[in-house]
Structure formats: structure tokens, C-alpha cells
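Everything on this sheet refers to the single structure shown next.
Read-outs: derived from the displayed coordinates by stated rules, not from any lab. For clarity, every value in this text was computed on a predicted model and none was experimentally measured. Because the Cβ atoms are built from the backbone with ideal geometry, glycine has one as well, and the counts that use them run over all protein chains shown.
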Amino acid sequence: MRRSSFQEANLSPSIPGEPVWLRPQGEPVADASKTGTDWKDDELDAIVADYFSMLALDAAGEPFVKAHRARALMERTGRSHRSVEFKHMNISAVAAELGLPHVRGYRPMANYQAAIFDAIDRHLDAHPEILNDNAFSFLPVVQTWGGGSALFRAETEGTTGSERGVAESASRFDDAGASHLPLTLTESPPPGPARTPRPEGLARLVRKYDPAARDHRNRSLGLLGEERVFHHERARLIAHDRPDLARRIEWTSQERGDGAGYGIRSFDPTGAERLIEVKATRGGRTTPFYLTRTEREVSQERPDHWRLYRLHDLSAAAGLFILPPPLEASVTLEAEAWKAHF
């Protein structure tokens, strides 16, 4: 019999909706005086350092046992197992907002202690390599081309509707290698007013470490995202019995260079063109992204054909949602740079 999610997470339901963490035999006893109190800076620094150490091991495929590391933190901080695990999930939520992957098994949970933002800021200041383009391991798939400058920044907000933000089925690729895994279907983020605003400390971190700018500069990330979508589109058309159209898909940014306003020319099963601009991130669904002037103009000129494919969590099981024009119905566009001329 399959274990319940409570058992898998070492949880036991006592009051409906209120999970209680069980203390395994031999687990350190928490300091009762710390129950319900905020974590101190040295405790936060310790768990943040441990989290990013696990993230590096996870990304490199190196084995580690989360329970052993949690036990060491409990001994060091006097915090309960429940408190340690919840704090790990808080860090996952901040990592996703910063365009970083998170440790598998620690799903993001945004019930923050404000001091966690300063602790993560201190760690990133001391370890700037965490923000490098090649951190958490993926390689460029083809030779890169030059890119244009970004003039607009988009904060994903999502919307309701029969088409907006709905991802299409991703069947397994017909002839792709093992690296081309199927994309996980996700929904676009809810509309801005329906989302809880970022705490000021988190908003400051996002401004400082600007995941949209980092993703835009990261050519290997962009290429990997386009490669995933290229194979996704081939699989989609083959699944619709249109291998003839699948053979005609063009990786436009590689065959003709950047500047077309889209990266991939694909098709609907009817034969209508689909002009796809891919925006990829290692962060979560709500990670902001950049949009160029040309991309925006093409979306306005050809709204029936242009689509924005947003890939997220690209270092793990990548998710995909699709935004059709007008983009202003799904995202907030903010001018971030201006071209000056005489």
C-alpha cells in the first residue's frame, strides 16, 4: 500500500488541516524555549548555508541525505524538525523568486520570517558564484548568436480565459535524446490583484539580484529553453498526425539570427503559422522576464500567430505555460531602459 503524503513527509494528521511533525526515534529534542520564536541571525545563516550546499549537491547529482543534514541543524540551533523543514521551504520560495532552482523535496512555502531575506542576501554577497550563468549546471546546446537589447520588463500576472496561459500537451519526443525530457504542463500565474504582494524585503532582493536581467544575459539558458520548445513542438505536431508540419519547424534564432521577434516558427495542426518567443528561467512561474521592442511589436502585428512560451524551473522538471497577445492582459510591462539619440 502506498504511503500517504503525510507519512512521506514524516507528518501525522491530528487536527484536520493541521499537520503535526513526528519526532523519529533518536532525533534531537528541540529547545522548548525557542518554540514559536523567530530564528536568530546565526541560526538563519547556518540553515541558508546548508540549503545552498544541498542545492549544489542536488544540481551536481551528488548523493546526500536531507534527514541527516536536518538533524545536524537541529543539534546546532535547538530548533524542532518541523521548524527546520519549514525554514528550508521558505528558502525554496525565495530562491524561486530570485530565478534560482530549489532543492528537490523542499517545495516553496512563502510564509516568511522577514529576517530570512537579509540572511540570503548575506550569503549571496559572500558567494556571488551562486548567481553565475553556469551555476547549477547546464551547457549551451549550439553556437550562440548575438542578441538585441531589452526595452521592456514583464512581471507575469496571468489571467483567466479559455486560452490565455493554458499549456498544451507535451508528449514524449519522437527522436529526441535523453536530455530532451517532456515539459510539465502548468497554469500561468494568477492575476496580479489575486496574488499576495511580495514582502518589502523580498522585493528588495529581487531588485538587487534582478532575475529577469540575469536570465536575459544567460545565452546558454535561452538556448536550452529554445531547444526544449523546438522538440516539444515537433512532438505536438506528430501527436496530431502532422509529421509533415513537424519537419518544417524552423529554429529561427539559430537559422536566421536574433531579431525576428520570435525564436521558433512552428505550426498549428491546421497549418497556420505559430511564431514562438521562448522565455526560460530556472526560477518559478512568477519570475519576471525581459521583452524586446521587436518581440512586442510582432506580438501586436500578428496576434493570431505569435505566442510567448514561458519555461520555468528549467533546472528540474521544467514547466511550460503559454501567453497569447495582448500581453498586457497577462503581464505588467515596465520600461527598464531607454535608447538615447540626437
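Near M109, the amide H atoms lying under 5 Å from its own belong to N90, S92, A93; only residues 5 or more places off or on other chains count, and H is placed 1.01 Å from N.
Full extension of the chain between A115 and H127 yields a length gain of 2.5 nm, computed as 0.36 nm times the residue separation minus the alpha carbon distance.
Suppose R0 equals 25 Å; then what is the FRET efficiency for D268 and A337 from their Cβ-Cβ distance, rounded to the nearest 0.05?
Values: r = 34 Å, r/R0 = 1.37.
Efficiency computed from Cβ-Cβ geometry: 0.15.
Report note on the peptides 242-252, 260-270, 328-338: ranked by the mean count of other C-beta atoms within 10 Å, highest first, their order is 260-270, 242-252, 328-338. Close amide H contacts of H240 (hydrogens built in the peptide plane, cut-off under 5 Å, sequence separation of 5 or more or a different chain): none are found. Normalising the Debye intensity of segment 71-117 to I(0), with uniform scatterers on Cα atoms only, and taking log10 at q = 0.21, 0.33 Å⁻¹ returns -0.70, -1.15.
How many Å³ per residue does the convex hull of the Cα positions in segment 263-342 occupy?
On the way: hull volume 9.7 nm³, N = 80.
Output value, Cα hull per residue: 121 Å³.
Pairs over the 20 Å Cα-Cα cut-off, from the set K40/K87; K66/K208; K40/K66: K66/K208; K40/K66.
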